[in-house]
Amino acid sequence: MYRPHPFSWVPAEGQRHATTDPKPRQGYDGVEVRTLCLKRVTVDNSDIGWLWPTCSSCNTGAHELAGVPAGGETEE
Ligand SMILES: [Zn+2]
């Protein structure tokens, strides 16, 4: 399966975090993962979870992994 970046976004504990853990066969729901902000969280893959705000630490880490600068385009 093609994965554009070596991480996935997962909703957990009121924020959307990014994780480099491999996706389980059944998906991430209810699975404990290690996030880019170095937390261990249990994924809540409910519909509302995807509406949660993005974790800023994970956002920064994800941009680094993807090789693009975090934000900044609309600043200045
Ligand atoms: Zn995070």
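In the list ARG16, ARG40, which residue meets the criterion of being within 13 Å of the ligand (Cβ to nearest atom), modelled with pLDDT of 95 or more and loosely packed, with under 14 Cβ neighbours inside 10 Å? Spell out how you get there, then give the answer.
Numbers: ARG16 fails: loosely packed, with under 14 Cβ neighbours inside 10 Å.
Among ARG16, ARG40, only ARG40 is within 13 Å of the ligand (Cβ to nearest atom), modelled with pLDDT of 95 or more and loosely packed, with under 14 Cβ neighbours inside 10 Å.
Please count how many residues of segment 22-37 are surrounded by fewer than 16 Cβ atoms within 10 Å (Cβ to Cβ) and touching a residue at least 12 places away in the same chain (Cβ under 8 Å). Write out each step before concluding.
From segment 22-37, those surrounded by fewer than 16 Cβ atoms within 10 Å (Cβ to Cβ) are 22-27, 29-30, 32, 34; that's our starting set.
Right, trim to touching a residue at least 12 places away in the same chain (Cβ under 8 Å) and you get 23, 27, 29-30, 34.
Final tally of qualifying residues: 5.
Quick check: is even one residue across segment 52-67 at pLDDT below 90 and buried (at least 16 other Cβ atoms within 10 Å of the Cβ)?
no
The values are calculated or read from the model by the stated rules, or taken from the named source; none is laboratory data. Fair warning: this is a prediction, and the values are worked out from it, not measured in the lab. So basically every Cβ, Gly included, is an ideal-geometry build from the backbone, and we count neighbours across all protein chains shown.
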